[in-house]
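Following: one structure in C-alpha cells, then a few remarks.
The values are calculated or read from the model by the stated rules, or taken from the named source; none is laboratory data. What you see is a predicted model; the values in this text were computed from it and never measured. No Cβ is skipped: glycine too gets one built from the backbone with ideal geometry, and neighbour counts run over all protein chains shown.
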C-alpha cells in the first residue's frame, strides 16, 4: 500500500464504506483458501523422506510465523502514520493488529513446539529463532496492555505507538536469527530467489499463506470496526452529557 | 508416538485459535455496531 492509498483510507467514513463489504469477502475467501490448503496438505502431498508425516505442520506453522511478524509490521506502520501524520485511523489500526498478531505468534510458537518434539527430540530450545519469536509474543502482550491502559486514561496512544516502533527492531532479528545463530532451527528454506522444498510438498503452502492472511485481514477489519463504533458511542454519550 | 498425533495436535491448535480470534472479533464488532446504531436511532 502506498502512502497515497494510506492517506485516502485515513478518513473513517471512507474507510468504513470499503471495510464493510471487504470484511465478508475476506472472511469467505480466507475460509475457502485455508480449507483447500489444509485438506490438500493433509491428504494430497507425500510425506517427507526425512521428517515423514510431520512435515505437514509446515502448512500452518509458516503462515502463522509470517502473520505474527506481519502484525507487528502493521503496528509499526500505524505508529509512523499516527506520530507523523496524526491519522485518526492509525491508533485504531494498531490496536486491531495486536490481538491478531499475538494469536498467530502464539500459534507459531505452539505448532513449532509440537513439530520440534518428533523432529529435534525436544519441545523447546533456547535457539535464536524460537527465542526471538517468544520475545515478539511478549511484545504483543506488552503493547496490548499499554494501549488498553492509555485508552482507559483517554490518551492518544502515543506511548503505545512509540513502543510499537521500538519493538519493530525485533523483526529483522527474527528474520536473520537462523543465519546469525546456527543452532536447532533450520535455515531459510524459502527465499525470494528460490526454495529448497520439493514442489510436490510445497504447492499447498501458498494456499494456506493466502488463506490465513485473508483471515488475519478480516479479523483486523472486524476489530477496527468495533473500535470505530465504540468511539461513535463515546462521542454521542459526551455530546448528550454536555447538552 | 505416531507422527499423525503431532500433526493433528498442531492443526487443532491452529484451527481452534484462528476460529476463536474470528469469533471474538465478530462478536465485538456486532455488539459495538448494534449499540452505536441503537444510540443513533434513539430520540
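Does the range A:138-154 contain any residue that is closer than 20 Å to residue A:58 by Cβ and either in contact with a strand residue (DSSP E or B) (Cβ under 9 Å, 6 or more places away or on another chain) or not in a helix (DSSP H, G or I) (or both)? No, the range A:138-154 contains no residue that is closer than 20 Å to residue A:58 by Cβ and either in contact with a strand residue (DSSP E or B) (Cβ under 9 Å, 6 or more places away or on another chain) or not in a helix (DSSP H, G or I) (or both). Criterion applied to A:218, A:235, A:229 was being over 19 Å from the mean Cα position of the chain (by Cα), within 14 Å of chain B (Cβ to nearest Cβ), at pLDDT 90 or above and part of a helix (DSSP H, G or I), and the one residue passing it is A:229. Among the residues examined, residue A:224 qualifies as in contact (Cβ under 8 Å) with a residue 24 or more places away in the chain and either within 14 Å of chain B (Cβ to nearest Cβ) or surrounded by fewer than 16 Cβ atoms within 10 Å (Cβ to Cβ) (or both).
Residues checked against (1) within 14 Å of chain B (Cβ to nearest Cβ); (2) under 23 Å from residue A:64 (Cα atoms):
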| position | (1), (2) |
| --- | --- |
| A:84 | no, no |
| A:91 | no, no |
| A:105 | yes, yes |
| A:122 | yes, yes |
| A:138 | no, yes |
| A:160 | no, no |
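Of the residues making up the range A:17-34, just one is over 19 Å from the mean Cα position of the chain (by Cα) and within 14 Å of residue A:209 (Cα to Cα), namely A:32.
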